[in-house]
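Some notes on the structure that comes next.
Every read-out reported here was derived from the displayed coordinates using simple, explicitly stated rules and does not represent laboratory data. Note that the structure is predicted; figures quoted are calculated from it, not measured. Quick reminder, even Gly has a Cβ in these numbers, built from the backbone with ideal geometry, and neighbours come from all protein chains shown.
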Amino acid sequence: MKYENSRKFFEQAMNIIPGGVNSPVRACKSVGSDHPLFINNADGCMIFDADGNSFIDYVGSWGPMILGHRHPKVTEALSFALAQGASFGAPTSAEIRLAQAVTEAVPSIEMVRMVNSGTEATMSAIRLARGFTGRDTIIKFDGCYHGHADTLLVEAGSGVATLGIPGSPGVPKSFVEHTLSLPYNDADCVREVMEKQGDKIACIIVEPVAGNMGLVPPAHGFLEILREVTEKSGSLLIFDEVMCGFRVAYGGAQELYGISPDITCLGKIIGGGLPVGAYGGKREFMEYIAPQGPVYQAGTLSGNPLAMSAGITTLEQLKKPGFYESLEEKSARLSEGLKKAAEKAEIKASFNRVGSMMGLFFTDKDVKNFADAKTSDLDLFSAYYKGMLQKGIYLAPSQFEAGFVSAAHTDEHIDTTIKAAEEVFAMLAR
Ligand code: PMP
């Protein structure tokens, strides 16, 4: 494959955009690529770069594209909305419709506020939890990523893990001294900390299915313990479902595991590919937000009509009978196929999957937390990434990201992917 145009664009971009990209992991630095692919267009599960190369896409814009790219209903809804005007900075009925769809899907959400990104959703949810409880300290988990707000950039996953940044310059120590980061899936540790300091904890925020250290499912009983200890201490339990919301089930991880958090953060899928985030929860908490309550949060483009229409239409499609069953079948086919391919080539690999979110780690350990994820052989991952790309398979360029299957992937696409992996694993084994 030739990448001349991508290379040329990257050179131009490097001059005027920091690192040549508008979000760090896109630069593909950690896998040793000297440039990312510049994308021209995408359709269904296929993505096409600036040199005319085509790839089967398992990034799906990092999660939102659960229907695949350019779903005709979403495109139609967007064209209709655009014809009415791009933004008004005033309420529209579309905001009510998306809020209704979200509250119907996720019963723990009685009221919801739209924002523009996952980062805004988690940042605002934390402010609400602190404002409501009058407490400052928050608990998060190592390897979970909740966006780039100051207080949450502690032991964070995703790009922070990929680039090996311990925290970030520019975040004053005093901003993070109220953030405790504990090992994911370690219920004893959470109990111990909550027994000692529970009355000082505003909230526990967690990715109920962790997708930013690769994919790590919650251990049996872990989420239950979080619910129990927060209830006991009067702290709020925040599920960051920006990635897993509407992904692992229509009602998200909370439906799948039967746990009702106090506040839920959403993003990605609910915007159908447009910039959206949301946070919602029980009425008593949400009524604490301005203008109804004292906790301030605002946004010029929040509830943007284009984003609302893409979100509403996406959720309509997800609601159709059999949608998640079919996605589960495809995802199981892919995961099983990759597992067998790795076994055949005698590659040490560990696989995790929840629905259409999956992770493959080059380690013989069962990956249950960030420390386990970090035992993965990153050089082997880079070689796997590059080998797959060369065979027309577009994966996230980092060990510490999840892969996503969409409704647009067919068995044929999946079998092509497995065959590519067989060849790449065989090459790696040599
Ligand atoms: N929370 C989670 C769980 C995420 O996966 C992400 C982004 N990958 C965020 C928050 C931040 O969302 P955004 O990039 O839209 O700010």
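Would you give the gap between the C-alpha center of the stretch 85-128 and the C-alpha center of the stretch 171-190, rounded to a whole Å?
Value for the Cα centre distance between the two parts: 27 Å.
Evaluate E = 1/(1 + (r/R0)^6) for residue 40 and residue 87, where r is the Cβ-Cβ distance and R0 equals 30 Å; express this FRET efficiency to the nearest 0.05.
Values: r = 26 Å, r/R0 = 0.88.
The calculated FRET efficiency here is 0.70.
Calculate, in nm to one decimal, what residue 292 and residue 189 gain on full extension: separation in residues at 0.36 nm each, minus their alpha carbon distance. List each step's numbers first, then the result.
Working: separation 103, 0.36 × 103 = 37.08 nm, distance 3.72 nm.
Contour length minus the Cα-Cα distance gives 33.4 nm.
Using the C-alpha atoms of the stretch 216-345, what convex hull volume per residue, in cubic angstrom, is computed? The partial results should precede the final answer.
Values: hull volume 19.1 nm³, N = 130.
Normalising the Cα hull of the stretch 216-345 by residue number yields 147 Å³.
In whole angstrom, and with the biggest value first, how far do the Cα coordinates of the stretch 164-232 range along each principal axis?
36, 32, 15
Determine the principal axes of the Cα atoms in the stretch 290-397, then give the extent along each, sorted from largest to smallest and rounded to whole angstroms.
59, 35, 28
Give me the log10 of I(q) over I(0) for the stretch 9-160 at q = 0.16 Å⁻¹, as the Debye formula computes it from C-alpha points; what are the numbers?
-1.29
Quick one: compute the contact order of the chain, relative version, from alpha carbon pairs under 8 angstrom and 6+ residues apart, as a percent.
Working: 884 pairs, mean separation 95.1, N = 430.
Contact order relative to length: 22 percent.
Need the full-extension length gain, residue 371 to residue 175, defined as separation in residues times 0.36 nm minus the C-alpha distance. One decimal, nm. Kindly include the intermediate steps, with their values, before the conclusion.
Numbers: separation 196, 0.36 × 196 = 70.56 nm, distance 2.48 nm.
Working it through step by step, the gained length comes to 68.1 nm.
Ranking request for peptides 25-31, 137-143, 8-14: highest mean number of other beta-carbon atoms within 10 Å first, then the rest in descending order.
Taking the mean over residues of other Cβ atoms within 10 Å, the ranking is 137-143, 25-31, 8-14.
Can you give the Kirkwood hydrodynamic radius of the stretch 1-73 from its Cα pairs, in Å with one decimal?
Taking the inverse mean of 1/r over all distinct Cα pairs, the stretch 1-73 comes out at 13.1 Å.
Straight-line reach only, C-alpha to C-alpha below 16 angstrom: list the lysines that residue 348 could link to, leaving out same-chain residues fewer than 8 apart.
Result set, ordered by chain and number: 339, 340, 365, 374.
Going Cα to Cα from residue 320, which lysines come in below 26 Å? Please leave out same-chain ones fewer than 8 positions away.
73, 268, 330
Compute log10 of I(q)/I(0) for the stretch 290-333 with the Debye formula, placing one identical point scatterer on every Cα and leaving out solvent, at q = 0.14, 0.21, 0.28, 0.29 Å⁻¹, to two decimals.
Scattering profile of the stretch 290-333, log10 relative to I(0): -0.60, -0.77, -0.95, -0.97.
Given 10 Å bins starting at zero, what is the percent of C-alpha pairs of the stretch 241-309 in each, up to the one with the largest pair distance?
Pair shares across the bins are 19, 43, 34, 4.
Rounded to the nearest 5, what % of DSSP beta bridges with both residues in the stretch 229-388 are antiparallel?
Numbers: 10 of 14 bridges.
Bridges in the stretch 229-388 are about 70 percent antiparallel.
Could you name the lysines whose alpha carbon sits less than 17 Å from that of residue 386, not counting residues in the same chain fewer than 8 places away?
By straight Cα distance, residue 386 reaches 2, 29, 419.
The stretch 180-272: D in µm²/s via Stokes-Einstein (Kirkwood Rh, Cα pairs, 25 °C, 0.890 mPa s)? Please list the in-between numbers first.
Working: Rh = 13.4 Å.
Stokes-Einstein gives a translational diffusion coefficient of 182 µm²/s.
Could you state the orientation-averaged shadow area of the convex hull built on the Cα atoms of the stretch 73-226, in nm² to one decimal?
Numbers: hull surface 48.1 nm².
Directional mean of the projected Cα hull area for the stretch 73-226 stands at 12.0 nm².
Between residue 15 and residue 54, what length in nm is gained on full extension when 0.36 nm per residue of separation is reduced by their alpha carbon distance? Intermediate values should be presented prior to the final figure.
Working: separation 39, 0.36 × 39 = 14.04 nm, distance 2.71 nm.
Net length gain for the segment: 11.3 nm.
Run the dipole for the chain about the Cα centre, Lys and Arg Cβ at +1, Asp and Glu Cβ at -1, nothing else charged, and hand back the magnitude in debye, nearest 20.
Working: 39 positive and 50 negative charges, 107 e Å.
Dipole about the Cα centre, nearest 20: 520 debye.
Which percent, to the nearest 5, of DSSP beta bridges fully inside the chain are antiparallel? Don't jump to the answer; show the numbers that get you there.
Numbers: 26 of 43 bridges.
The antiparallel fraction comes to roughly 60 percent.
Testing the spin-label approximation: label points 7 Å from Cα along Cα→Cβ at residue 70 and residue 225. State their distance in nm.
4.9 nm
Rg over Rh of the chain, using C-alpha atoms and the Kirkwood radius, what does it come to?
Working: Rg = 21.0 Å, Rh = 22.0 Å.
Taking Rh as the inverse mean 1/r over Cα pairs, Rg/Rh reads 0.95.
Hey, what number do you get for the chain at 222 nm if only DSSP H runs of n ≥ 4 count, each worth -39500 (n - 2.57), divided across all residues, to the nearest 500? Present the calculation step by step, with values, prior to reporting the outcome.
Values: 15 runs with 168 residues, N = 430.
That comes out to -12000 deg cm²/dmol.
From the alpha carbon gyration tensor of the stretch 114-189, can you work out the equivalent ellipsoid semi-axes (sqrt of 5 times each eigenvalue) and give them in Å, largest to smallest?
Numbers: eigenvalues 69, 52, 35 Å².
So the equivalent ellipsoid measures 19, 16, 13 Å along its semi-axes.
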